1. Which one of the conditions (1) surrounded by 14 or more Cβ atoms within 10 Å (Cβ to Cβ); (2) more than 16 Å from ligand 1 (Cβ to nearest atom); (3) outside any loop (DSSP other than H, G, I, E, B); (4) aliphatic (A, V, I, L, M) does A:Ile119 fail to meet, given that it meets all the rest?
2. Restricting the search to segment A:335-352, which residues are more than 11 Å from A:Asn263 (Cβ to Cβ) and either of a type in the set (D, E, K, R) or open to solvent by 80 Å² or more (accessible area, probe 1.4 Å) (or both)?
3. Scan A:Lys358, A:Lys335, A:Lys345 and give me the residue that is of a type outside the set (Val, Ile, Thr), out of contact with any Phe, Trp or Tyr (no Cβ under 8 Å at 6 or more places or on another chain) and part of a helix (DSSP H, G or I).
4. Go through (1) touching a Phe, Trp or Tyr at 6+ places or on another chain (Cβ under 9 Å); (2) more than 30 Å from A:Arg155 (Cα to Cα) for A:Val7 and report which single condition fails.
5. Condition first: more than 14 Å from chain A (Cβ to nearest Cβ), near ligand 4 (Cβ under 8 Å from one of its atoms) and modelled with pLDDT under 90. Can you find one or more residues in segment B:93-116 that meet it?
6. Just to check your reading of the model, which residue among A:Leu395, A:Leu384 is within 30 Å of A:Ile304 (Cβ to Cβ) and within 24 Å of the chain's Cα centre (by Cα)?
7. Out of the residues in segment A:534-554 meeting the condition of being in a loop (DSSP other than H, G, I, E, B) and closer than 18 Å to A:Asp273 by Cα, tell me which one is farthest from the other protein chains (Cβ to nearest Cβ).
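The values are calculated or read from the model by the stated rules, or taken from the named source; none is laboratory data. Quantities reported herein were computed from a predicted structural model and do not represent experimental measurements. With ideal geometry, Cβ positions are generated from the backbone for all residues, glycine too; neighbour counts draw on all protein chains shown. In case anyone asks, the SASA skips ligands and DNA or RNA and just uses the protein heavy atoms, side chains included. Shrake-Rupley method; radii C 1.70, N 1.55, O 1.52, S 1.80 Å.
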Amino acid sequence: MFLNIEVNNQIIKADKGETILSALNRNGMNVPTLCFLKELNPTGACRMCVVEVEGYENLITACSQPIEGFMKIQTHSKRVLNARKTNLELLLANHPDECLYCIRNGSCELQNLAQSFNINERKFKNKKFTLKVDKSSAAIVKETDKCILCGRCIRICDEVQDVSALCFIKKGSSTTVGTTLNKPLSHSNCILCGQCIMVCPTAGLHEKSHTPQVLEAMGNPKKHTVIFHSSSVSVSIAEEFGFKAGKDVSISLNSTLKKLGFNKVFEVGVASDIYLIELAEDIINRTQNKGPLPLFSSCCPAWIQFAEQYFPGILTSISQIKSPQQIMGALIKSKYADDLNLNNKDIFTISVMPCIAKKQEAIKGNTSISSFSDVDCVLTTRELASLIKIKGFKLDDTETQLSDAPFVNQSSASKLLGTSGGLTESLIRILHHKVTGKDINEIKQSKLRISKGIKEISVMLGETTYNFAVVNGIGNARKLINDIMSGKKTYHFVEVMACKEGCVNGGGQPLLSEKDALKSRIKAIYDSDEKESIKFPYKNPSISEFYQAFTKSGNKNILITNYKERTVLK
Amino acid sequence: MDNLIELILLKYPKNATENIIEILLQIQEAEGFISAQSIIMLSEHVGVQSSKIYSVASFYDQFVFEARAKFIIRVCSGTSCYISGSDTIISFLEKEFNIRIGEITRDHVFQIETKSCLGACAQSPVLEINGVFYSNLTPQRIRQIIHQCKSSLQ
Ligand code: SF4
Ligand code: SF4
Ligand code: FES
Ligand code: FES
């Protein structure tokens, strides 16, 4: 039901029951927010969003106050502005003046607010900074002093991911955000999805940078540097260079990276194609040999970590096929190294991913069957953008270049792995071909392209109906797995991605992105599936040679990984 | 000690969150502190993630998360006491219990800490055990005190 409210002497329409903030935003009006997170329960913790409402003695937090009847609101009165400014100054009282040396310099919500409130002197100084930094995790750095206690990380980790690795510790002025018993992150139940980083307004939580190692390798003439990037990166990195969201720059990125000085530039798609083909085979084998079913996807390392911690009983149901990142690294350090007569110790592989858990996957991979590390470094989308700037370049969208030989081509299906549902859609294309010998007519699975936490689809292939489930957001995954374990649901295959909507929304993606950026990125991925000519992984000419080699040696070991139960405080 | 916690938990319904603080108090009473193991068991019992249990517990100052000894010996390390030989007292205690400052004996009976000026400089060197002051210390006297502590346990 709509009703009228008055804001700054202007009548606007509001939905009964919605918050003041939501009504304001829908009408193109803004108030600053810090602790507020769309789709999560408001806590009213930061009080940046306060407004003056006639009839109320105190200022009201717009993010949490529902509209029940007519209201007369002032969003920028003198009283409101003063209150917000004082709030901000009090927040800053506990914040070190470290902007110049801070990873979020230029992309910090606190800095932006300080700027917009014209704050140019320190009013209060409360505490001594401890400069305590938790670097224990393979992918996440926690800087206690930069935390403003907005609680966004705690809420996303609890309400969306249902991991709840983080909590408020103690109270009053000693409050901090940390893990159970204040253990280092590496000893906690964190699965490294990085969603907390995405919502952190400051540098309280950020990724562990691999940029120094990459610069080091690039400057070492003995190192043959090979970089490869994923489709989720190429549809989002342009945002870091001021382009509108949804611009796919895969081929321009190739040419930019070549200019930066990498010896070889690839797209990870060729490895994704191999991954998809192997996974399809795994499904068929398990279906014919009676299990264990369902088969779970293995491409998301945060999901793997989650299973290792919470569902050790299903580890044998997760495909042992390495993720595309690890396959790519393995291919480069074996087949490619042999072809070029390079010692794999001299090759330095850099993977560019939308994901921070991939940093840990690269390290975990070191202990796998092979004697070398498949992937030496993982850069996030953000880190690659900054590396390009460090090297004095920008993203030039006028120049284009294909991936280097021998990995020139990838199917458009391989690119769909960036979205939730895309992996399954691509698998169906391959399964159809494997079972019927023919290309599928309708390549698009619209049921899988909608934005939803859990999606299901059944497809008749030959005599068998295959049932698929697609889940994104690890909280949803927990629900689905419980249903599967209790026998409520049965599937042949389950695709799991820890991040909501999939890797395009990963923990390494651009921060503070424009409204609807995510939708535009997803659209860009589906558009390229529409436009590109190779739509089926099995038609990718770049992989046929590898398959010949594999079949000859009969050795697919480099494509295999394994999983171990992990005990943590959960 | 897991049994102790189990016994406590058995008294409370499963998946009910309203008793968390009461249970924590009982665990601390029984064990002297809230261990990682007890947090895990409590968290499974009431069906709440461990971080939320810890968050609640850390809110209250009375909960401690490390083993505490029966007797916490705080040796004054203020200037007066230092001059009158607090460091010999500390090394005496360290030898006696075979632990270092801040540590706790294996049987959880003794723990040594230091504290700056306890406010009894005239009678230095001094130490405090669970709130009781002992002054004008000498090794013999300390031996006596330790003996007293031990026999009070029997
Ligand atoms: S990385 Fe994910 S699981 Fe770990 S603390 Fe952040 S949100 Fe929670
Ligand atoms: S969904 Fe993608 S981006 Fe998110 S953790 Fe998994 S692999 Fe990384
Ligand atoms: S945004 Fe409303 S109180 Fe923080
Ligand atoms: S210095 Fe020890 S009591 Fe004052």
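1. (3)
2. A:Lys335, A:Asp338, A:Asp339, A:Asn341, A:Asn343, A:Lys345
3. After applying the criteria, what remains is A:Lys358.
4. (1)
5. Checked against the condition, which is being more than 14 Å from chain A (Cβ to nearest Cβ), near ligand 4 (Cβ under 8 Å from one of its atoms) and modelled with pLDDT under 90, segment B:93-116 yields at least one hit.
6. A:Leu384
7. Among those residues, the one meeting the criterion is A:Ile534.
Conditions tested, residue by residue: (1) buried (at least 20 other Cβ atoms within 10 Å of the Cβ); (2) farther than 17 Å from A:Ser414 by Cα; (3) modelled with pLDDT of 95 or more.
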position	(1), (2), (3)
A:Ile481	yes, yes, yes
A:Met485	no, yes, yes
A:Lys489	no, yes, yes
A:Lys519	no, yes, yes
A:Ile522	yes, no, yes
A:Gln548	no, yes, no
